[in-house]
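Down below is the structure, laid out as structure tokens.
The values are calculated or read from the model by the stated rules, or taken from the named source; none is laboratory data. It should be emphasised that the depicted structure is a prediction, and the values quoted were computed from it without experimental measurement. Note that we place each Cβ from the backbone using ideal geometry, even for glycine, and neighbour counts take in every protein chain shown. The area values use the complete protein model at the heavy-atom level, side chains included, leaving out ligands, DNA and RNA. Shrake-Rupley method; radii C 1.70, N 1.55, O 1.52, S 1.80 Å.
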Amino acid sequence: MAGAIIENMSTRKLCIVGGILLVFQVIAFLVGGLIAPSPTTAVPYTSVKCIDVRKNHHKTKWLMPWGPNHCKKLKDFDEAVSRQIEANDIVFAVHIPLPSKEMSPWFQFMLFIMQLDIAFKMDNDLKENAEITLDVSLAYRDDMFDDWEEIAHAIEIRKLKCTFGSPKTVESEGRHYDCDFLPFMEIGSVAHKYYLINIRLPVNDRKGINVGIGEIKDIRLVGIHQNGGFTKVWFAMKTFLTPSILIIMVWYWRRITLMTRAPVLLEKVIFALGISMTFINIPVEWFSIGFDWTWMLLFGDIRQGIFYAMLLSFWIIFCGEHMMDQNERNRLSGYWKQVGPIAVGSFCLFIFDMCERGVQLKNPFYSIWTTEVGTELAMAFIIVAGICLCLYFLFLCFMVFQVFRNISGKQSSLPAMSKARRLHYEGLIFRFKFLMLITLACAAMTVIFFIVSQVTEGHWKWGDITIQMNSAFFTGIYGMWNLYVFALMFLYAPSHKNYGEDQSNGDLGVNSGEELQLTTTITHVDGPMEVYKLARKEAQE
């Protein structure tokens, strides 16, 4: 009777905790949907064609598109031809941001893509597989009267992928090609107020540089940066969640250290998952407001990669600890076939990220996709990672199927137990199935909200209320995985309640050569985990 009361109280507590976590989950979505603005903003820029008549003997090489010291401008290339201005003397200048605005460290990053306006001309047609060579420079300053300081300079090559929807005849001259956007620049911090981009298109007929690229009319850029309001909400969430996960981690590990036995593998993996979640949560981004840390995007990718690799490993080990024989359980080496693809896939994605964002730390104009070798290398890493991911999910689905089949078979032992003991083990099975369903729900919500955020306009209107779906996706999914880790450590912390070890074997009539196993939830102070103590399994099996 006492066991039944204890188990009912435990189930009631579980429902209460589940309700509280659900409330926090709803709050996480509402914070992004109602409080935060859209995560990013796209700003179009049209370059100004400047005449570079200064050559090398002038003091400064930077050309401003507007302002008190603006450059001498060209309306179009027909004017350049009439004035006998060479292509090498034309610079496309873009000032960031637009007039009367300032950039802010709260914007976190800047991503630029390029669009070329190329007109068709019979005597200057765009060649197939044409490549454009860009001589690009980036500078900054924090006051409108300061001199520009160079950040980066590079010679970059981009492949042109353009189509022409009309017949290439004299009548079609002047019509524009339909060209794909080109990756232009990515920088991982916005530490300064003003930025200036100067783009030159050097022409060298002898070397074939910028020959056969058509008649370029304009260069347009689209700048994308994170919204400052979203950044503040995001930082606030990280600042709140960091101590929350830290507290539950300390409590969880303290419960384990109070045991007279050593921690088992599943307990260690849950704790490691908590560490990886804390690694993501720690709001080091606050320092990016005062420091020019261009490596923050790469650092963020590494943190997310560690967490997701740990999460995938946990799911495999969690299932395996409920189905493997006693001699194979509780050893990480027993999972090398399942964890191996995770390690290989994570390593491939890490190398890919280092080849892209790692190089961009020195050259923000670099893109691995701009060369054939780089594209093939990047695709190879992504394909290998995709194959590893598919293998992982095949392993995982097979293991989940085996675990549920194992549970169904072992439940036949329950009627032979006393009522209190039966209720206790039914509670353990319920918690296992509950966690599996929560895991599926979290994964499904992640996929669903990602799809919704991609196919919708970014916000929904409900009367006078505007819900930012993209922001709700980021804050909601981020909060959800924090709550998931929190729930794991709460549910799987060792219990110090005693249900009577000697009664267990008596209820089931287990012989000394037999062993019980199934689900891990509660651990006795001096005994092994309950995962090893429910389902009956003989040593010969």
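Annotations
- Residue 132 falls short on exactly one of the conditions (1) under 35 Å from the mean Cα position of the chain (by Cα); (2) closer than 30 Å to residue 361 by Cβ; (3) surrounded by fewer than 18 Cβ atoms within 10 Å (Cβ to Cβ), and that condition is (3).
Every residue, every condition in (1) open to solvent by 40 Å² or more (accessible area, probe 1.4 Å); (2) free of Cβ contacts under 8 Å to residues at least 24 places away in the same chain; (3) farther than 23 Å from residue 163 by Cβ; (4) over 30 Å from the mean Cα position of the chain (by Cα), yes or no:
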site: 91; (1), (2), (3), (4): no, no, yes, yes
site: 96; (1), (2), (3), (4): no, no, yes, no
site: 102; (1), (2), (3), (4): yes, no, yes, no
site: 105; (1), (2), (3), (4): no, no, yes, no
site: 113; (1), (2), (3), (4): yes, no, no, no
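- Taken over the stretch 242-263, the criterion of being touching an Asp or Glu at 6+ places or on another chain (Cβ under 9 Å) and either open to solvent by less than 10 Å² (accessible area, probe 1.4 Å) or on the phi > 0 side of the Ramachandran plot (or both) is satisfied by 252, 256.
- Considering the stretch 328-343, the residues that are open to solvent by 70 Å² or more (accessible area, probe 1.4 Å) and either in contact (Cβ under 8 Å) with a residue 40 or more places away in the chain or in the same structural domain as residue 181 (by the TED database) (or both) include one that is farthest from the chain's Cα centre (by Cα), namely 331.
- Some residue of the stretch 160-177 being crowded, with 18+ Cβ neighbours inside 10 Å, in contact (Cβ under 8 Å) with a residue 12 or more places away in the chain, within 29 Å of the chain's Cα centre (by Cα) and assigned by the TED database to the domain that holds residue 113: no
- Test: residue in the stretch 242-261 that is of a type in the set (Val, Ile, Thr) and within 30 Å of residue 183 (Cβ to Cβ): no
- The numbered conditions (1) in a strand (DSSP E or B); (2) open to solvent by 20 Å² or more (accessible area, probe 1.4 Å) are all true for residue 195 except (2).
- The set of residues in the stretch 135-157 being of a type in the set (A, V, I, L, M, F, W, C), open to solvent by 50 Å² or more (accessible area, probe 1.4 Å) and under 22 Å from residue 185 (Cβ atoms) consists of 151, 155, 157.
- 3 or more residues modelled with pLDDT of 85 or more, of a type outside the set (Phe, Trp, Tyr) and under 30 Å from residue 209 (Cβ atoms): qualifying strands (runs of 3 or more DSSP E) within the stretch 1-96: 48-51, 90-96
- Verdict on residue 69 being free of Cβ contacts under 8 Å to residues at least 12 places away in the same chain and in the same structural domain as residue 144 (by the TED database): yes
- Residue within the stretch 385-407 that is open to solvent by 30 Å² or more (accessible area, probe 1.4 Å), assigned by the TED database to the domain that holds residue 299, more than 29 Å from residue 129 (Cα to Cα) and basic (Lys, Arg) present: yes
- Filtered by the rule that a residue be among the acidic types (Asp, Glu), farther than 24 Å from residue 297 by Cβ and not in a strand (DSSP E or B), the stretch 167-192 gives 171, 173.
- Those residues of the stretch 222-275 which are modelled with pLDDT of 90 or more and not in a helix (DSSP H, G or I), in sequence order: 222, 223, 224, 225, 226, 227
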